[in-house]
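Note sheet for the following structure.
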Amino acid sequence: MTAQVPATGSHRKHAAIWAGLTVGLSVILLALLMLFISPSLLSGPRDLGLGVVGSQEKAASVSETLEGQQPGAFVVRAYNNAEDLEQGIRDREIVGGFDFSDPEDMQVYVASAGSTAVSGTISNVGATMAGAEGQTAEVVDVVPLPDADPTGVGIGGLAFPLVFGGIVPAVAFRSMLSGKRWWIFAGLTGFSVAGGFVVAAVLKYLFGSIEGPLVPVAASVALGIAALALPLAGLNECFGTKGFTIAAMSMMFVGNPFAGIATSAQWLPAGVAMIGQLLPPGAAGTLVRAVAYFDGAGGAGAALTLGVWVLVGIVLWFAGPKLKGAQAKN
């Protein structure tokens, strides 16, 4: 009996597959590392609005000093008094400011609820400038985080739950209610509302991350979930599983790390921040922070972005059957 020897061509084929998978998966791993780690490594203050109580000359002097220390980090504007500066922070015209009026104590104004990374940076810069002026620095937190969540972990960790809340229901309702389009649509919209209230209730009553009204935060989270779930479901209706998968992966691997929820978009590199704020996770994070701590100030653009995503999802959902019908005829 003669032993069968595997063909050389088969060995080469398997070796090629092995090499291709090894290289391909390594490239994917590298891309994921870049997507998730690079934004954090390249993050820092960028065009942060900073107020200075005093004359235009004083503001210009502070701006020149800061530009020499951290180029491009701050945009300085003058305010007539401390009250106007504080209101500017609440309205989110600026993220902090300095008041040199007292010859001994310099007032450093921050809003930790906007971003602990930003408020910490302004506090450190203020302390350095106060020391150079022979003053001590007194930090005034105009919009502080709740005592139960002083570092903002609650809202800062919303990115993944938002993405999960958008992707998983689109799969679950489609699988369990196959062919029942109206039930699927009702399930997605209903879950968006329910999920919004669940997340907001946990943030308020379990974590203590918000102290204000529950409904505005719940509505913001619900809008964020719907802005993910409805477009994903609509893409599946129009283009099948491939359309859904590509969109879901984009939200998971781009929308999630580019959201900047924990630090604010201004802390991310410019291009990353712009992309992140155009996608539902980043826009939802911005809107939730705005309504939770700033009475909605600074959230209009994010709300509009989410509304457009919801509208796109609805259009795709209703266009799906017509598109499939046209493809079937061809």
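The values are calculated or read from the model by the stated rules, or taken from the named source; none is laboratory data. Just so it is clear, the structure is predicted and the values come from calculations on it, not from any experiment. We place every Cβ from the backbone using ideal geometry, glycine too, and count neighbours over all the protein chains shown. These accessible areas exclude ligands, DNA and RNA; they are computed on the full protein's heavy atoms, side chains included. Shrake-Rupley method; radii C 1.70, N 1.55, O 1.52, S 1.80 Å.
Taking the conditions (1) part of a helix (DSSP H, G or I); (2) open to solvent by 40 Å² or more (accessible area, probe 1.4 Å) in turn, Glu211 satisfies each one other than (1).
Just one residue in the set Leu235, Leu223 is over 18 Å from the mean Cα position of the chain (by Cα) and part of a helix (DSSP H, G or I); that residue is Leu235. Can you name the number of the only condition in (1) surrounded by fewer than 17 Cβ atoms within 10 Å (Cβ to Cβ); (2) within 27 Å of Pro144 (Cβ to Cβ) that Leu25 fails? Unmet condition: (2).
If you scan the range 266-303, which residues turn out to be hydrophobic (A, V, I, L, M, F, W, C) and either farther than 19 Å from Met251 by Cβ or over 15 Å from the mean Cα position of the chain (by Cα) (or both)? Reasoning before the result, please.
Going residue by residue through the range 266-303, those that are hydrophobic (A, V, I, L, M, F, W, C) are 267-268, 270, 272-275, 278-279, 283-284, 287-288, 290-292, 294, 297, 300, 302-303.
Answer for the range 266-303, where residues must be hydrophobic (A, V, I, L, M, F, W, C) and either farther than 19 Å from Met251 by Cβ or over 15 Å from the mean Cα position of the chain (by Cα) (or both): Trp267, Ala270, Ala290, Val291, Ala292, Phe294, Ala297, Ala300.
For Gln266, the conditions (1) farther than 30 Å from Ile122 by Cβ; (2) in contact (Cβ under 8 Å) with a residue 40 or more places away in the chain are fulfilled apart from (1). Scanning the range 223-276 for residues that are touching a helix residue (DSSP H, G or I) at 6+ places or on another chain (Cβ under 6 Å) and charged (D, E, K, R) yields a single hit, Glu237. Scanning the range 69-83 for residues that are within 13 Å of Gly54 (Cα to Cα) and either modelled with pLDDT under 90 or surrounded by fewer than 20 Cβ atoms within 10 Å (Cβ to Cβ) (or both) yields Arg77, Ala78, Asn80, Asn81, Ala82, Glu83. When we screen Glu93, Glu64, Glu57, Glu86 for residues that are at pLDDT 85 or above and open to solvent by less than 60 Å² (accessible area, probe 1.4 Å), the only hit is Glu86. Looking across the range 26-54, the residues that are at pLDDT 80 or above and out of contact with any Asp or Glu (no Cβ under 7 Å at 6 or more places or on another chain) come down to Ser26, Val27, Ser43, Gly44, Pro45, Arg46, Asp47, Leu48, Leu50, Gly51, Val52, Gly54. Taking the criterion of being open to solvent by 70 Å² or more (accessible area, probe 1.4 Å) and part of a helix (DSSP H, G or I), the residues of the range 175-198 that qualify are Ser175, Met176, Trp182, Trp183, Phe191, Val193, Phe197, Val198.
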